[in-house]
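The values are calculated or read from the model by the stated rules, or taken from the named source; none is laboratory data. Keep in mind that this is a model prediction, so the values were computed, not measured. Cβ sites come from the backbone with ideal geometry, for glycine too, and all protein chains shown count toward neighbours. Accessible surface areas use protein heavy atoms only, side chains included; no ligands, DNA or RNA. Shrake-Rupley method; radii C 1.70, N 1.55, O 1.52, S 1.80 Å.
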Amino acid sequence: AAMETLAVIAYKQPVLKSEVDRFRGVDSGSSLKGLLERKLVRIMGRKDVPGRPIMYGTTKKFLEVFNLKDLSELPTLKELKDLHEGT
């Protein structure tokens with residue numbers, strides 16, 4: 001669950017918890033809390049809409065853990081699909 005939550009945040013950032021929940025189809029609160037504690041995800045600010053929900057994104061530690069220079073090194077969704085179809 002945490003890896004799935006992290007993947008959604010990495011590809012969609014800045015992203016709201018409600019958007020992560022909607023994408024996954026379940027509540028991501030506990031996964032998000034764990035990712036924040038591990039410093040793989042950070043609060044990027046608040047969206048300028050009613051309620052001012054928190055926006056999340058990845059951290060430098062995320063890049064280090066996954067050996068990435070920057071987010072452009074993440075595989076594209078097409079590459080992931082091709083990889084999945086090849087297995």
Can you list the residues, at least 5 places off or on another chain, whose amide H is less than 5 Å from the amide H of ARG46, using H built in the peptide plane?
MET55
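Using just the helices of the chain, give the 222 nm mean residue ellipticity in deg cm²/dmol: DSSP H runs with n ≥ 4 each add -39,500 (n - 2.57), and the total is spread over all residues, rounded to 500.
-13500 deg cm²/dmol
Find out how many positive minus negative residues lie around PRO53, taking Lys and Arg as positive, Asp and Glu as negative, among other residues whose Cβ is under 13 Å from that of PRO53. Please list the in-between numbers first.
Values: positive: LYS17, ARG22, ARG46, LYS47, ARG52; negative: GLU19, ASP21, ASP48.
Every neighbour counted, the sum reads +2.
Could you look at the chain and say what percent of its accessible area is carbon and sulfur, using a 1.4 Å probe and all protein chains? Before the final figure, lay out each step's value.
Numbers: 3500 of 6130 Å².
With neighbouring chains kept in place, the figure for the chain is 57 percent.
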Cα Rg, Dmax (largest Cα-Cα span) when computed across the stretch 5-87, Å:
13.7, 45
